[in-house]
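Asker: Below you will find the structure I want to go over with you.
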């Protein structure tokens, strides 16, 4: 037992550090057993104290240095690709879209894993849902869930009739029990021919007996935490930005009147809200709901002559790329939805530099549904209310970037 623990906590990290250095991956000095946790804490405390001393109420959209000050500092010192440590786990930090593009080529989606150090914290939220599973299990889940998300299905969906607690660690068993009872009731309804035309119903119809009850519960949790929360955050940031830029409120109201008018909102009309799509993309660029993506290599990956060893964790800094002046130009920290007029990537010099829904085969499966969830409440609120701004906010980073 002692030898196993010694290998896990000392020998393996030293070997990993040696391999990474041999391949040109360097970064901030680390200390055993905390890695760079102490540095991260100190930098965040220093930032909080500096923010308290500020008297300016000017909104700065350069949130990378505010929400992720440690990464902003280390990027200045070591470049857009470096190594840092969370405890005894090394992470290759990536904020270079060209490096990311080369790294992802030729790597099957099922060949990526999730960092072991993060799995325990996220298991109560996602269980063994699509976000967390790997390998052949990921392929099976993706294949089974994909039929639930085409546009023909989305236009028939109603809003879910249940709400899940936002405290999964404390109420994990209660959430699972609640979801299981809802699933069983919905199965009985489907047998009786009562179809509610919602996401759960589509998942159950696509299931064909290949999912266990536990797996369906985990997918329901995944849909909520990976979908509803992120869309809610996008709307929150949108309202803040429109309060600062009332001219865009007027522009979008005019578009809503022209496309929807006084009739009920229909799915087919949502595609006509072009300028609203620009706004959503610009919001997700400035304030991405998923500020990072994490992977774990399941084999050695060669990138421009350097090898990322099998088992290495990879931290992809979405916020950094979305705020990179080299990719977006001098107006990178300005709210300019028109940059997405006729350009799905907003004029970014590298397409991988704009990734609000992830990248590759593991890109968010519900991105089309996310646009629908965003546009419907947005249209309803904006057509009825004017939005004003409170200056008392400062973004901070958890699983998502919050106001």
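Asker: Label 7 Å along Cα→Cβ of residue 262; the range 351-384 residues with amide nitrogen under 20 Å?
Answerer: 379-384, by backbone N distance to the label point.
Asker: Would you list 336, 268 from fewest to most Cβ contacts within 10 Å?
Answerer: Starting with the residue having the fewest Cβ neighbours, the order is 268, 336.
Asker: Set the Förster distance to 45 Å, then compute FRET efficiency between residue 294 and residue 187 from the Cβ-Cβ distance, nearest 0.05.
Answerer: Using R0 = 45 Å, I get an efficiency of 0.85.
Asker: Hey, another quick one. State, to one decimal in nm, how far the label point of residue 50 lies from the label point of residue 383, with both points 7 Å from Cα in the Cβ direction.
Answerer: The two pseudo-label positions are separated by 4.5 nm.
Asker: Mind giving me the FRET efficiency for residue 212 and residue 22? R0 is 30 Å, r the Cβ-Cβ distance, nearest 0.05 is fine.
Answerer: Result of the calculation: an efficiency of 0.10.
Asker: So for 101, 263, 38, 277, fewest C-beta neighbours within 10 Å to most, what's the order?
Answerer: Neighbour counts put them in this order, fewest first: 263, 38, 101, 277.
Asker: Between residue 350 and residue 77, take the C-beta separation as r, use R0 = 25 Å, and let me know the FRET efficiency to the nearest 0.05.
Answerer: So, using R0 = 25 Å, E works out to roughly 0.65.
Asker: Right, here's the next one. Apply the a/c threshold of 1.5 to the C-alpha gyration tensor of the range 283-392 and tell me whether it is rounded, prolate or oblate.
Answerer: Verdict is prolate for the range 283-392.
Where a number appears in this text, it was derived from the coordinates with a stated rule and is not lab data. A quick note: this is a predicted structure, and the numbers were derived from the prediction, not measured. Cβ coordinates were reconstructed from backbone atoms using ideal geometry, including for glycine residues, and neighbour counts include every protein chain displayed.
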